[in-house]
Structures are given as C-alpha cells and as structure tokens.
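The values are calculated or read from the model by the stated rules, or taken from the named source; none is laboratory data. All figures in this text were calculated on a predicted structure; none of them were measured in a lab. Note that each Cβ is placed from the backbone with ideal geometry, even for glycine, and that neighbours are counted across all protein chains shown. Side chains included, ligands, DNA and RNA excluded: accessible areas come from the protein's heavy atoms. Shrake-Rupley method; radii C 1.70, N 1.55, O 1.52, S 1.80 Å.
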Amino acid sequence: MGEFILGSRLSLLAALLLVTGVAGCASNGLVGRLSVAPSPYQRYSDSLRAANLHETALGRDWLLAGDTALVQALLVSTPFRETGYFPLDQPSAVAYRLELKRGRRLVVDAAFESTDAGRLFVDLFETSESGAPERVASLGEGSTLTFEVPRDGTYVLRVQPELLRSGRFTVLERTTASLPFPVSGLTARAVQSEFGAERDAGRRQHEGLDIFAARDTPVLAVTDGTAQSDTNGLGGNVVWLRDARHDRSFYYAHLERWAFDGTVAVRAGDVVGYIGNTGNARTTAPHLHFGIYQRGPIDPLPFLQADDAEPPASTGSLDRLGELVRVTPVRTPLRDGTGRSADTRRQLERNSIARVLGITASTLRVSLPDGTTGYIDNGGAIAARTAIRDQRLAAGSVLREGPLPGAPAIEVLAAETRASVLGRFNSFELVRLPSRAAAWVAIEPVAR
C-alpha cells in the first residue's frame, strides 16, 4: 500500500494549509469553540501532546487526518449506511456532511472491528459560513450517538480510530421524530394544511399544522410540562402546553372540549383535549391546529414526521475494502457525495487507480493516490490485480513510491525489464515487476 502514502500525505497537508493558512497547526485547529464537555477525541489528542507524541510523524499525521477530514467532508443524506476500512499504514479519518432540519433527532450507530482493541471516535460538528466548525455532540461509551437538531443547517460527522488501530467500521445515520404525534392513533399522513400556507387571502400565514381526525379523537401532550386551557376567537377551545426545559410552547386549537380545567401538570402522552372545530374552524371538518412557538412560530412538521427507514445494506462485497482498483468506464465522475447530484471533484479516466475505503448500497468511497477522496458508482471499478498489458521498461527507469516526480525512488533499473501495467494516475503507471511489489513509473521522462 506504500504507493499511496507519499501522495496522500502531501495532498492532505496542502488541503489543510489552504484552509488554515498556517503550518504546524495545533490539534483541532479547524474546530471552533466547544459547546459540550471535552470529548473522548479531545482527551485522547491531549494525551498525545502530553506524551510528546504530537511531535512524531505518526502523531502529527493522526492529528492532521482528523482536521483534514472536516475540510473534505463528503455529502450524504439520511438514511445512510457505509461500511468502511481504516488502514494500518496511514492515520486516517472520514467525515460525512449532512443537511439537517430543526426538530429532527439524528441517531448515529457506529461499530468498529479491529484485530487490536481500539476506540472509534465519533464527533458531530455544526458548520457556519463565518466561523470554524463547532462540536455539538460526541459518542460516549456506547455505540449510539443521539442529537436533537436545534436549527436547520449543515452538520459534519467525523469518524476516526485511535492511532495505530486499523479495521472495519460501519456507520448508520438516520433521523427520527423528536416528538410523539399529538393526535391519538394518527401519523403525519393526517396533516392536510402545512406551516406557512396563506390564510385570509394572504393577509397572514398559517403558523402550524392542521391534523384532520374524527370528532372527539383524543389530543395528546407531546412533552412533560404545564398545560393551560383557554378560549379565543380564532382557536376556539385551546390548550397551551409550556415546556420550560426547552423554553418552548405548544398550541392546540379548535378543540371540541378540554380534558381538564385551568392549569395542570401533564406528562407526555396525557390527554389534554379532544378534536373539534371550534373558533374560526366551524365551517371546516373537525381537526387540530397544532403549533410550536419559541421566540416566534416554528414549523412543527420535522418534529413529527415519520422516522427514516432502515438504510439499505451495502451491495458490494466487503472483501473489496482496502483493495486497489482501477476504474473501467472511459470517464468516471468522482463525486463529493453519494447522490448523482453531488458535485464532481474530478473526472477519472479509464484505468485510473484508486483504493476502496468504504462501501454503501450503490457506491464505493475511494481514495486517489494524491489523497483526493470521493464516491464512484459501485460497478465502475475492478480489482487492479490483472495486467492491462505488458511493457518493457528501459534501463535507467526510476521506480517510485508514488505517482509524483518527487516521490522517493525505490529502484533505478540497471537493465531493460519486463513489467505488468496495472493502471495509471496522471502521467504515471502502476507496474508490477517479477519478484517486486508494485511501484510507479513515469509514462514519459520527467524533466529534471
């Protein structure tokens, strides 16, 4: 696997320096102010520094890999499942970029299989246009991370093992409803009028959801709190439920009647009233108007929508993890995400070499010899074991560790030698010689 090491490390360093503008950045140099207690990752990186391991090449590379993963985060959407591989010969990390909605609960399950016992660090960051990513949650001692999304935005999930630990991991990401449904026996499919719809000929907007159900269907508290019954012209018989813990209020309107009088303490699931059409809903079918307020109205739908389905399992053989492959189509887009609408990081020519680092239901996550990562279609590559062709290398040909003119030389051929060409990258070919490991050789002489 040495043919990847030099190019990858140079590319990772260049990417990080481009973003930070400094050399030799400290651990978590890309990470902004922490909103939670120090994570297992932070404590571990602090222990590396305390032991002066951050001054070693391996220690620096491990810290660099974690920070750079945030820069190169790959775009995925929930539900998502990937089985990946962390190689032993190079510290590495992977990060996934997610667009999340306020009111959803992100659930991440992570598993790590390693020959030597080792920990897998899983950290969630919230990004912003003006500042560094801010860590908002971390995986503790268990295998599941749960996070209630406080606002719409872009979040990055980083996964990285301890130093000198290799192995296979699986990460499963999905979102669930963060509140129980407020009408007994129904789901979000009963919603017929959503947040923001025009009301009164456009003079105002709908500040909640209309959930239609049979008259007298029980209406339920969605959280523990204090409930207060009231009456007004628009809502008719209403209930306000105050959730002091999260500093928000829930509004139930058009009730046929209340389940209590005055102000009472309730628990999630308690009946607070019954479906009706009081107030300005007397000309419509019975329904509940349900609203959420926190310094203004909030769209309740993400809080109530059904949980994501279980993501499909990987369709490719997991034996491909860590495998060296070459792409087979004439042109293969290397995308920065799993979807076909994801941006293309570069176009790969036929026979380009890559290493498989992850497998999803339809894609392979690969790393190129220069350290660029991304996704290609699952069927777009084959193992680079068999030769494309045989070729004679002239005496004086330089075999190198990586596909770069400045990569360390393994050997200078003393005589013409026959080699098997396994693939290419840029102006270099990956060749296998008798009784030698694979190495890179320039297709054309490199100017000195």
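Val264 meets the conditions (1) closer than 19 Å to Val183 by Cα; (2) part of a strand (DSSP E or B); (3) out of contact with any Gly (no Cβ under 8 Å at 6 or more places or on another chain) in every case but one. The failed one is (1). Would you confirm whether or not the stretch 369-387 contains a residue that is outside any loop (DSSP other than H, G, I, E, B), crowded, with 22+ Cβ neighbours inside 10 Å and β-branched (Val, Ile, Thr)? Yes, that holds for at least one residue. Restrict the check to the stretch 412-421 and report whether at least one residue is modelled with pLDDT of 95 or more and in a loop (DSSP other than H, G, I, E, B). No, there is no match, as no residue in the stretch 412-421 is modelled with pLDDT of 95 or more and in a loop (DSSP other than H, G, I, E, B). With respect to the stated conditions, Asp200 fails to be out of contact with any Asp or Glu (no Cβ under 7 Å at 6 or more places or on another chain), open to solvent by 20 Å² or more (accessible area, probe 1.4 Å), at pLDDT 95 or above and of a type outside the set (Lys, Arg). Scanning the stretch 355-368 for residues that are outside any loop (DSSP other than H, G, I, E, B), open to solvent by less than 10 Å² (accessible area, probe 1.4 Å) and among the aliphatic types (A, V, I, L, M) yields Val356, Ile359, Leu364, Val366.
The set of residues in the stretch 243-261 being crowded, with 16+ Cβ neighbours inside 10 Å and either part of a strand (DSSP E or B) or aromatic (Phe, Trp, Tyr) (or both) consists of Asp243, Arg248, Ser249, Phe250, Tyr251, Tyr252, Ala253, His254, Leu255, Glu256, Trp258. Can you confirm whether Ala407 is of a type in the set (A, V, I, L, M, F, W, C), open to solvent by less than 80 Å² (accessible area, probe 1.4 Å), modelled with pLDDT under 95 and in contact with a helix residue (DSSP H, G or I) (Cβ under 7 Å, 6 or more places away or on another chain)? Spelling it out, Ala407 is indeed of a type in the set (A, V, I, L, M, F, W, C), open to solvent by less than 80 Å² (accessible area, probe 1.4 Å), modelled with pLDDT under 95 and in contact with a helix residue (DSSP H, G or I) (Cβ under 7 Å, 6 or more places away or on another chain).
For (1) open to solvent by 30 Å² or more (accessible area, probe 1.4 Å); (2) assigned to a strand (DSSP E or B); (3) touching a helix residue (DSSP H, G or I) at 6+ places or on another chain (Cβ under 6 Å); (4) within 26 Å of Pro79 (Cα to Cα), each residue gets a yes or a no:
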residue	(1), (2), (3), (4)
Glu310	yes, no, no, yes
Gly316	no, no, no, yes
Asp319	yes, no, no, yes
Arg326	no, yes, no, no
Ser341	yes, no, no, yes
Ile353	no, yes, no, no
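Comparison of Arg60, Arg104, Arg119, Arg135 shows that the only residue that is over 19 Å from Val356 (Cα atoms), of a type in the set (Lys, Arg), in contact with a Ser or Thr (Cβ under 6 Å, 6 or more places away or on another chain) and modelled with pLDDT of 90 or more is Arg104.
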